Amino acid sequence: MTDAPKPMSKAAAKAFITALANEYPNAESELVFRNPFELLVSVVLSAQATDKSVNKATKDMFERAPDPQSMAELGEAGIAQYIKTIGLWRAKAHNVALLCEQLLARHDGQVPADRKSLEALAGVGRKTASVVMNVAFGSDAMAVDTHIFRIGNRTGLAPGKNVRQVEDGLVARIPKDMLRPSHHWLILHGRYVCKARTPECWRCPATKWCLYPDKRLVDPKSKAA
């Protein structure tokens, strides 16, 4: 395994992120939701699952239970019937049912906007709280998923041994006015270009600033390879 490069400079980080901004001008979450509650539930369900699989499961569930009250009434067993196609569905059904009860008891059925309250809910960790804060409430919170963790280390944008180190590095290097949308730019780039097994560097708009030492700048399927 290639060692992660040293951190890129703030100037390079700005150029790197600007290139992604130009590449993904309309980037947004690929989860389908209509309000902060549906987003919160979807993000809880998305752990170790694809957005596509979550959207498929929640489509009918949200029609049946679009708010904490109706979801709590559906109960753990009822929720489980909708999400059996998603990994860890038993634990997730338990957490979603409990989360809804907590929202009703502590927040009058509303999704809180602050990190401390969000992380006190069942099934909600730092990453989930950051996504909700970023997407639903416009916070500059940076949620580090597997894609962003990989990009941070591979490119030198924000190397770190754990997600918190990568998060802190991103917050330190990305210009503040670009921090909130960069969450989406990085996820899409990791999902479709800077892939886990084989990064498609020949398609990347930011290779000039990327410090990854093993870049492949020619598509191996092309005649020029």
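The values are calculated or read from the model by the stated rules, or taken from the named source; none is laboratory data. Model, not experiment: these values are computed from the prediction. In this analysis, Cβ positions are derived from the backbone assuming ideal geometry, glycine residues included, and neighbour counts consider all displayed protein chains. In case anyone asks, the SASA skips ligands and DNA or RNA and just uses the protein heavy atoms, side chains included. Shrake-Rupley method; radii C 1.70, N 1.55, O 1.52, S 1.80 Å.
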- Just name the residue that is least open to solvent (accessible area, probe 1.4 Å) out of those in region 25-37 that are under 16 Å from the mean Cα position of the chain (by Cα) and at pLDDT 95 or above. L31
- Determine whether region 88-105 contains at least one residue that is touching a residue at least 24 places away in the same chain (Cβ under 8 Å), within 24 Å of the chain's Cα centre (by Cα), farther than 24 Å from N134 by Cα and assigned to a loop (DSSP other than H, G, I, E, B). yes
- Please go through region 149-168 and pick out each residue that is in a helix (DSSP H, G or I), open to solvent by 10 Å² or more (accessible area, probe 1.4 Å) and not basic (K, R). F149, N153, V163, Q165, E167, D168
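Say whether the condition of being over 21 Å from the mean Cα position of the chain (by Cα) and buried (at least 17 other Cβ atoms within 10 Å of the Cβ) is met by at least one residue in region 40-57. Steps first, answer last, please.
Filtering region 40-57 down to residues over 21 Å from the mean Cα position of the chain (by Cα) leaves none.
Looking through region 40-57, none of the residues is over 21 Å from the mean Cα position of the chain (by Cα) and buried (at least 17 other Cβ atoms within 10 Å of the Cβ).
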- Message: From the list P25, P68, exactly one residue is touching a Gly at 6+ places or on another chain (Cβ under 7 Å) and closer than 20 Å to V131 by Cα. Which is it?
- Response: P68
- Query: Only one of these conditions is not met by L186: (1) within 19 Å of L31 (Cβ to Cβ); (2) open to solvent by 10 Å² or more (accessible area, probe 1.4 Å); (3) in contact (Cβ under 8 Å) with a residue 24 or more places away in the chain; (4) assigned to a helix (DSSP H, G or I). Which number is it?
  - Reply: (2)
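Take region 118-148 and flag every residue that is hydroxyl-bearing (S, T, Y), touching a helix residue (DSSP H, G or I) at 6+ places or on another chain (Cβ under 7 Å) and in a helix (DSSP H, G or I).
Taking region 118-148 as the starting set, the residues that turn out to be hydroxyl-bearing (S, T, Y) are 128, 130, 139, 146.
With touching a helix residue (DSSP H, G or I) at 6+ places or on another chain (Cβ under 7 Å) added as a condition, the list becomes 128, 139.
The one that is hydroxyl-bearing (S, T, Y), touching a helix residue (DSSP H, G or I) at 6+ places or on another chain (Cβ under 7 Å) and in a helix (DSSP H, G or I): T128.
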